[in-house]
Amino acid sequence: MRGKSAVLRVIAPDSKFSNVQVAKLINYVMVDGKKTTAQDIVYTAFDIISEKTKSDPVEVFENALKNTMPSLEVKSKRVGGANYQIPMPVRGERRLALSFRWLLDTTRHKKGRPMAQKLADELIAAAKGEGDAVRKKQDVQRMAEANKAFAHFAR
């Protein structure tokens, strides 16, 4: 490993809910440095969630994160001229990053409605254990389970 490892930045909690993960979601939604637009999208989505579910939107959001975080993933490794998909446990920070990425990818691929509406619908579906982000997590987990035979190649 060359050079120094990157310094882990501490993210301040968001202003409305005082939650670090909500602030991280805002940063993931942000495009081209437009943080106020991203905050507007996330807070509007949370308002829609509270109207639809009649419950705390932060709890729905945390349930959605819990349901989309993978515990296993596959990594490709070359052994003796062949590539094997080796199941590996996922680190905590990467679990969160993958969860956010999958939620926002599935949200951005839906067309025809405002971003806040799409984000709210995807978070509600993920909190219930449904939706495209949960399906993506299940696919990754299934791939890891199918390749358990190659786990002995992991170091």
Legend entry - Among (1) among the β-branched types (Val, Ile, Thr); (2) under 21 Å from the mean Cα position of the chain (by Cα); (3) not in a helix (DSSP H, G or I), the one test that residue 106 misses: (3)
Legend entry - Count of residues meeting criterion [over 15 Å from residue 72 (Cα atoms) and touching a helix residue (DSSP H, G or I) at 6+ places or on another chain (Cβ under 6 Å)] in segment 125-155: 6
Inset, instruction - Count, please, the residues in segment 92-109 that happen to be free of Cβ contacts under 8 Å to residues at least 24 places away in the same chain and of a type in the set (Ser, Thr, Tyr). - result: 1
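For residues that are within 22 Å of residue 106 (Cα to Cα) and in a loop (DSSP other than H, G, I, E, B), tally how many sit in segment 1-34.
5
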Legend entry - Selection count, segment 129-155, where residues are outside any helix (DSSP H, G or I), under 25 Å from residue 45 (Cα atoms) and either in contact (Cβ under 8 Å) with a residue 40 or more places away in the chain or aromatic (Phe, Trp, Tyr) (or both): 1
Inset, instruction - For residues that are on the phi > 0 side of the Ramachandran plot and loosely packed, with under 13 Cβ neighbours inside 10 Å, tally how many sit in segment 103-155. - result: 1
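We did not get these values from a lab; they are worked out from the coordinates using the rules stated. Bear in mind that the values here come from a model prediction, so they are computed numbers and not experimental data. Here the Cβ is made from the backbone with ideal geometry for all residues, glycine too, and neighbour counts use every protein chain on show.
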